[in-house]
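Trainee: Okay, handing you the structure first.
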2 protein chains.
Amino acid sequence: MKVIIVGGVAGGASCAARLRRLYEKAEILLIERGPYVSYANCGLPYHVGGTIEKESSLLVATEQMFKAVFAIDCRTNCEVIGINSSKKTVDLKNHLNGEVTTEKYDKLVLSPGAAPIRPPLPGIDLPGIFSVRTVPDAKHIREWLDRDLVNTGMNEYSGANTIAKPKNAVVVGGGFIGLEMVENLIERGMNVTLIEKLNQLMPPLDPEMALIVKRYMEKHGVKVELNDGVAGFRKSADGALEVLTESGKMYPAEVVILAIGVKPEIELAKMAGIEIGKRGGIRVDDQMHTSNPDIFAVGDAVEVKDFVTGEWTLIPLAGPANRQGRIVADVLCGRNSRYRGTQGTSICKIFGGTISQTGVSEKTLKRLGETDYEKIYTYPNSHAGYYPGAKMLIIKTIFRKSDGKLLGAQVLGEDGVPKRIDSFAMAIQMGCTIYDLEESELSYAPPYGSAKDPVNFAGMVAGDVLRGDMPISHWDSIGNSFLLDVRNPPELEVESVKGAVNIPLPMLRSRLNELPKDREILIICRSAQRAYYATRILLQNGFKAKNISGGMIARSHKAD
Amino acid sequence: MKVIIVGGVAGGASCAARLRRLYEKAEILLIERGPYVSYANCGLPYHVGGTIEKESSLLVATEQMFKAVFAIDCRTNCEVIGINSSKKTVDLKNHLNGEVTTEKYDKLVLSPGAAPIRPPLPGIDLPGIFSVRTVPDAKHIREWLDRDLVNTGMNEYSGANTIAKPKNAVVVGGGFIGLEMVENLIERGMNVTLIEKLNQLMPPLDPEMALIVKRYMEKHGVKVELNDGVAGFRKSADGALEVLTESGKMYPAEVVILAIGVKPEIELAKMAGIEIGKRGGIRVDDQMHTSNPDIFAVGDAVEVKDFVTGEWTLIPLAGPANRQGRIVADVLCGRNSRYRGTQGTSICKIFGGTISQTGVSEKTLKRLGETDYEKIYTYPNSHAGYYPGAKMLIIKTIFRKSDGKLLGAQVLGEDGVPKRIDSFAMAIQMGCTIYDLEESELSYAPPYGSAKDPVNFAGMVAGDVLRGDMPISHWDSIGNSFLLDVRNPPELEVESVKGAVNIPLPMLRSRLNELPKDREILIICRSAQRAYYATRILLQNGFKAKNISGGMIARSHKAD
């Protein structure tokens, strides 16, 4: 069996290595267009920022290692320029010597990845505008940023010595790469403006969660401009760049990072005549077969099934790409491995904070017209409050109303986020209900958690909702209900809700006569805990009471 | 309904608060023998050490709060001195004024906890020997340690000024409390000797994993003495304590912490005439009913079903106690909540390291005569190796051979442990197989993980074993097989295995003729990764090959 694998990073590299392990006699050709295979593209922003100083650190495995250890014919700087799927051949061009050769395959695996979107805007090709996809990309950005550090007096902008080094950066796009690039440019001491066309950063998050991210970035000195797209670029009189936006604004910058998303590389798929899905990625089945039985595809170039909704979608992530590569190797060896779909579990460090999510977001559910769901906001400590260093976690949990099934979770915070998002991720994989979360036995010691872990706590609160013990409402639907604030007066002095009647929780039982029996009463406190107690008291005394999920904290990051 | 709850910490407090929330009209009496309810006993070692400076930080909820917010008749310094289960009354003694009263109950909930074991050894009552259970215990230890800090020249030992403050401590018992106390006494600048009667620290761990803990503690300056029990205590000529061991050794100390375990407090249960299990705890069903239908019991005093083995066992942990308390409240209100058993998920900080486990240990399986299991050792980075700060995790994964079900995991390391142990814990709760772990989509970004998370990786390695792709052996059963070391020569110079033949992996394919076809070949490398590749090459070339799980690293912590 001769297998040609096109693309030597993540999915392709995983496939090649596992195929060799499973099938010693297979002839394997691993083709990579760029100079490196199996490099750590997730590390590129940190290489730009300097956290990862050496370029060599990014090279996980080398062409030489593939040859020596895996006996794989690994060819870098080699591009597929033609595929003949009826003859089962590929035409390869060696970029070092220009030679073109044709290789026959029994099975072909496409792992071309996804390319940074580079819209055809005026000035897009001006020097200083970069994407971040490959090791050479990172190298070029570093050189661009470092070059001015050498103040030779010969910089291209003014001819004078006034510009010592680039100081202003514009990052276009507020997704993972954009945020990581912002952090790393700030680490380099730059002034950074982040421009995002959508009304929120970090598209996998719901807007009210993303608002927290925006504020956090602003707190760390980033200028964030939402709802504005880039219209073009031009060179200013002094030689610097100017970024022009659709709203008519202009941001000067010495460097621009384009991080407005990626799109599947499907040129090879088109050459091979295989099916492309509606989302623009290569269509594969759960064994990563394309529409041609001899061609497989993996990684960022393929459409995957959303694990929760079952929809075809594009979710470019390293973990899924690696697992898909393994599955293809299995299938090539006659095994019955199957890809289960992608949950979209992701995590991102931004300054001292961590942003994470898994499963489906509320906005996706809304887009699908789904109404059989509820959401809760909880704000537990990352670990026991009495142990130093505890930080507030911000957790949105989304679950099905009819059966309690966990659908998605979004977790933000400065401590303990990975512990929680992975619990949620595993829970979603295994079809957990929120009743299961209530009973989870997660690790607890004061430096790491609480006897009721934040994940348990989310389950308990959600359980209270679904069992009818705690009807809830949300800030975006309070209508003209009666508002009851059960906080203590000093808390109201800091911030209060217009029109809300204040009865501190400890006095509630003795002041029930001040409340209306014929109106819906929405109850407010700081985090919805005391309001929960109050809800229970009112419900059992014949009132129509609901807790406003997340209380005043949820109100503070309510999206517009 | 009148409910009396005896014991105001963890299980009792949780039960009381939830019962009030569910049932506004219930009459609830919460009885606590000590001066505080709902205090953070898990924080006590850190209060002794000074990490948690204020005693008040340990008080999660107060008697006053139970009264004001929950309308609960909460009584501290109040002890149950008699139970008449036919009349359904308890006799209460108020320790502040000596008054004895009798209260009738409809339902009684016992949450008395477990008492530190204090064996009747000679000298056990000498001043300076402490247990760590209550806030006053911590206070007394602090006072004892602080007292000598005031160098008045009037200390009881020598009458002179030579002893400025306690310098030497002996901690007896190497479980959670023992280890946490060791850390905190070291934090106070003391010399600490840890004496443990068993052949390992941290009994929930398997011995080879506990060996790593022992070495880690020694590296941090702790003197660890295993296989030696305390025989008694005496006062030395200069007034300090001397700890005498069964082996005849003597350790001088100015303070001794007894942390040799706890035993369920069952005096109340005996008064009530309810059934005690064989492990010495109160026997309850999965709704926490005792043998008397009107009496419930929760927390450290009860026996629980081991979630994995189904055995009755004693696992004193805060999380389970809290959940059991909630379940009793539910059941009292006619709900069908059930306790699912205890997994024994636990975690412990010790200096910069973290010790954790969930599910069943290998030694428990051995004790039960179970043979349908396999184990693997893996040593992945806590996050992407190219991102700064990655540390090696040490993971033992135990799973059923016949169906791949995950049975237990033990995770040690200095970074990223909580993320992994909680994934394993959730996986065990949901009945995951190792094949599920292979497909888990856990959070990955370079600062937090790898595209193949350590939990995935454990699943993948275990899957390779169970699918027969990688037969494994262990250091404790290598017999007289042929040993093949596939590391590079410079690595062998550091440490090599006697009798092993060295063929570096890249040369293996060309030197197969040096290997015997008629003998079992056990393959060695550093972490078992290259040996896996070698195993695959040999198996597919007709050799009988096995990988030694965990390679040289596993050898380095092989228990005797």
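Trainee: Filter segment B:427-448 down to the residues that are in contact with a strand residue (DSSP E or B) (Cβ under 9 Å, 6 or more places away or on another chain), open to solvent by less than 10 Å² (accessible area, probe 1.4 Å) and at the interface with chain A (Cβ under 7 Å from one of its Cβ atoms) and list them by number.
Mentor: B:Ala427, B:Cys432, B:Glu441, B:Ser443, B:Ala445, B:Pro446
Trainee: Of the residues B:Asn155, B:Asn151, which single one is modelled with pLDDT under 90 and surrounded by fewer than 20 Cβ atoms within 10 Å (Cβ to Cβ)?
Mentor: Exactly one of B:Asn155, B:Asn151 is modelled with pLDDT under 90 and surrounded by fewer than 20 Cβ atoms within 10 Å (Cβ to Cβ), namely B:Asn151.
Trainee: Restricting attention to segment B:449-469, which residues are under 13 Å from B:Glu374 (Cα atoms) and at the interface with another protein chain (Cβ under 9 Å from one of its Cβ atoms)?
Mentor: Answer for segment B:449-469, where residues must be under 13 Å from B:Glu374 (Cα atoms) and at the interface with another protein chain (Cβ under 9 Å from one of its Cβ atoms): B:Asp464, B:Arg467.
Trainee: May I ask you to list pairs of residues, at least six apart or on different chains, whose Cβ atoms are under 6 Å apart, with the first in segment B:205-223 being at negative phi and the second being open to solvent by less than 40 Å² (accessible area, probe 1.4 Å) and among the basic types (Lys, Arg)?
Mentor: Every condition considered, the pairs that remain are B:Met209/B:Lys396.
Trainee: Mind checking whether some residue in segment A:505-516 is over 31 Å from the mean Cα position of the chain (by Cα), open to solvent by less than 20 Å² (accessible area, probe 1.4 Å) and within 30 Å of A:Lys363 (Cβ to Cβ)?
Mentor: The answer is no; no qualifying residue exists.
Trainee: Taking segment B:27-77 as the region of interest, how many residues are aromatic (Phe, Trp, Tyr) and in a loop (DSSP other than H, G, I, E, B)?
Mentor: Final tally of qualifying residues: 1.
Trainee: May I pose another question? Only one of A:Leu58, A:Leu92 is under 30 Å from A:Ile186 (Cα atoms), open to solvent by less than 50 Å² (accessible area, probe 1.4 Å) and of a type outside the set (S, T, N, Q). Can you tell me which?
Mentor: A:Leu58
Trainee: Which pairs have Cβ atoms under 8 Å, sit 6 or more apart or on different chains, and link a residue in segment A:35-53 that is at the interface with another protein chain (Cβ under 7 Å from one of its Cβ atoms) to one that is acidic (Asp, Glu) and open to solvent by 30 Å² or more (accessible area, probe 1.4 Å)?
Mentor: A:Thr51/A:Glu187
Trainee: To continue, here is another question. Being closer than 13 Å to A:Ile553 by Cα and open to solvent by 70 Å² or more (accessible area, probe 1.4 Å) is the filter here; which residues of segment A:474-504 pass it?
Mentor: Listed by number, the residues that qualify are A:Val494, A:Glu495.
Trainee: While we're here: Output the residue which, of all residues in segment B:115-136 that are under 17 Å from B:Glu242 (Cβ atoms) and of a type in the set (Val, Ile, Thr), is surrounded by the fewest Cβ atoms within 10 Å (Cβ to Cβ).
Mentor: Filtering segment B:115-136 for residues that are under 17 Å from B:Glu242 (Cβ atoms) and of a type in the set (Val, Ile, Thr), the one surrounded by the fewest Cβ atoms within 10 Å (Cβ to Cβ) comes out as B:Ile124.
Trainee: I need every pair where a residue in segment A:95-107 that is closer than 23 Å to A:Tyr36 by Cβ and part of a strand (DSSP E or B) has its Cβ under 9 Å from the Cβ of a residue that is among the basic types (Lys, Arg) and modelled with pLDDT of 95 or more, sequence separation at least 6 or different chains.
Mentor: The qualifying pairs are A:Val100/A:Lys93; A:Thr101/A:Lys93; A:Glu103/A:Lys2.
Yes or no, residue by residue, for (1) open to solvent by 40 Å² or more (accessible area, probe 1.4 Å); (2) modelled with pLDDT under 95; (3) among the basic types (Lys, Arg):
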{"residue": "B:Ser236", "(1), (2), (3)": "no, yes, no"}
{"residue": "B:Thr245", "(1), (2), (3)": "no, no, no"}
{"residue": "B:Tyr251", "(1), (2), (3)": "no, no, no"}
{"residue": "B:Val255", "(1), (2), (3)": "no, no, no"}
{"residue": "B:Val262", "(1), (2), (3)": "yes, no, no"}
{"residue": "B:Ile266", "(1), (2), (3)": "no, no, no"}
{"residue": "B:Ala272", "(1), (2), (3)": "no, no, no"}
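Trainee: Considering only segment A:12-26, I want to know if a residue exists there that is over 30 Å from B:Leu539 (Cβ atoms) and either facing chain B (nearest Cβ under 9 Å) or out of contact with any Pro (no Cβ under 7 Å at 6 or more places or on another chain) (or both).
Mentor: no
Trainee: Applying the selection to segment A:179-199, what residues are open to solvent by less than 10 Å² (accessible area, probe 1.4 Å) and touching a helix residue (DSSP H, G or I) at 6+ places or on another chain (Cβ under 6 Å)?
Mentor: If the condition is that a residue be open to solvent by less than 10 Å² (accessible area, probe 1.4 Å) and touching a helix residue (DSSP H, G or I) at 6+ places or on another chain (Cβ under 6 Å), then A:Met181, A:Asn184, A:Val192, A:Leu194 are the ones that fit.
Trainee: Can I ask one more? Let me spell it out: the conditions are (1) over 30 Å from B:Gly11 (Cα atoms); (2) surrounded by 16 or more Cβ atoms within 10 Å (Cβ to Cβ), and B:His220 meets all of them except one. Which number is the exception?
Mentor: Only one criterion is unmet by B:His220, namely (2).
Trainee: Another one. In segment B:393-407, which residue that is more than 13 Å from B:Ser361 (Cα to Cα) and touching a residue at least 40 places away in the same chain (Cβ under 8 Å) is farthest from the other protein chains (Cβ to nearest Cβ)? Outline the logic, then answer.
Mentor: Kept after step one, since they are more than 13 Å from B:Ser361 (Cα to Cα), are these residues of segment B:393-407: B:393-394, B:401-405.
Imposing the further condition that a residue be touching a residue at least 40 places away in the same chain (Cβ under 8 Å) reduces the set to B:393-394, B:401, B:404.
Numbers: B:Leu393: 13, B:Ile394: 16, B:Lys401: 19, B:Gly404: 14 Å.
Among those residues, the one meeting the criterion is B:Lys401.
Trainee: Could you go through segment B:413-423 and let me know if any residue there is under 26 Å from A:Lys305 (Cα atoms), facing chain A (nearest Cβ under 9 Å) and not basic (Lys, Arg).
Mentor: yes
Trainee: A:Arg555: away from every other protein chain (no Cβ under 13 Å), touching a residue at least 24 places away in the same chain (Cβ under 8 Å), touching a Phe, Trp or Tyr at 6+ places or on another chain (Cβ under 9 Å) and closer than 26 Å to A:Phe457 by Cβ, yes or no?
Mentor: yes
Trainee: Same structure, new question: Within segment A:241-358, which strands (runs of 3 or more DSSP E) (wholly inside it) include 2 or more residues that are in contact (Cβ under 8 Å) with a residue 12 or more places away in the chain and within 14 Å of chain B (Cβ to nearest Cβ)? Break it down into steps so the answer makes sense when it comes.
Mentor: Values: elements: A:241-245, A:250-253, A:255-258, A:262-264, A:295-297, A:346-350.
Answer list for segment A:241-358: A:346-350.
Trainee: When the residues of segment B:19-48 are narrowed to those that are surrounded by 22 or more Cβ atoms within 10 Å (Cβ to Cβ) and small (Gly, Ala, Ser), which ends up nearest to the chain's Cα centre (by Cα)?
Mentor: Among those that are surrounded by 22 or more Cβ atoms within 10 Å (Cβ to Cβ) and small (Gly, Ala, Ser), it is B:Gly43.
Trainee: B:Leu412 - would you say it is part of a helix (DSSP H, G or I) and touching a Leu at 6+ places or on another chain (Cβ under 9 Å)?
Mentor: The answer is no for B:Leu412.
The values are calculated or read from the model by the stated rules, or taken from the named source; none is laboratory data. Since the structure is predicted, the reported quantities are computational estimates derived from the model, not experimental observations. For neighbour counting, all protein chains shown are included, and Cβ atoms are generated from backbone atoms with ideal geometry for every residue, glycine included. With ligands, DNA and RNA removed, areas are computed over all heavy atoms of the protein, side chains included. Shrake-Rupley method; radii C 1.70, N 1.55, O 1.52, S 1.80 Å.
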